[in-house]
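Right, one structure below, let's go through it.
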Amino acid sequence: MNPSTLVLELVESDPDGRVDFGGLQLDRNTRQIISTSYTDDRTRYYWRNPDWAANYQFLQEQFPGREIAFQSSTLDYQKFLVAVSGDRYAAEAWYFDAKTKS
């Protein structure tokens, strides 16, 4: 909602039309949308930032079949704590450096 005009504007809804809006991740420095997410059987992310999309894709390749969630980061979004979980795995927390991909 625009606080000046009180006009509502639709920002996002599930592209597949299956579930309610799940989550919004904003860049704390620019206030731009990083991603939106929706959860049914698994969480689906829709990335608006190509760097984040590439990091997520890299992590999916490292942990196939598991769910990945960015939990915490440095102010410049170069170092992260990442939660990795799955139906057949105990949840784990991993350190991820976006520059070195380690």
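No value in this document is a laboratory result; all are computed from the given coordinates. In this text, all values refer to a predicted model and were calculated from it rather than measured experimentally. Cβ atoms come from the backbone with ideal geometry, glycine included; neighbour counts cover every protein chain shown.
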Q.
Sequence gap at least 6, Cα distance under 8 Å: using those rules, report the relative contact order of the chain to the nearest whole percent.
A. 13
Q: Towards the positive end of the charge dipole of the chain, with charges on Cβ (+1 Lys, Arg; -1 Asp, Glu), say which of Leu75, Pro3, Thr39 has the farthest Cα.
A: Leu75
Q: Please find the FRET efficiency linking Val7 to Thr39, where r is the Cβ-Cβ separation and R0 is fixed at 25 Å, and quote it to the nearest 0.05.
A: 0.30
**Q.** Size of electric dipole in segment 23-97: Cβ of Lys, Arg +1 and of Asp, Glu -1, about Cα centre, debye, nearest 20
**A.** 180
Q) Which Cα, out of Gly23, Ala54, Ala98, lies furthest along the positive dipole direction of the chain (beta carbon charges, K/R +1, D/E -1)? A) Ala98
Q.
Place a point 7 Å from the Cα of Leu26 along the Cα-to-Cβ direction; which residues of segment 72-90 have their backbone N under 15 Å from it?
A. none
Q. Roughly how large, in nm² to one decimal, is the mean projection of the convex hull of the alpha-carbon atoms in the chain?
A. 7.8
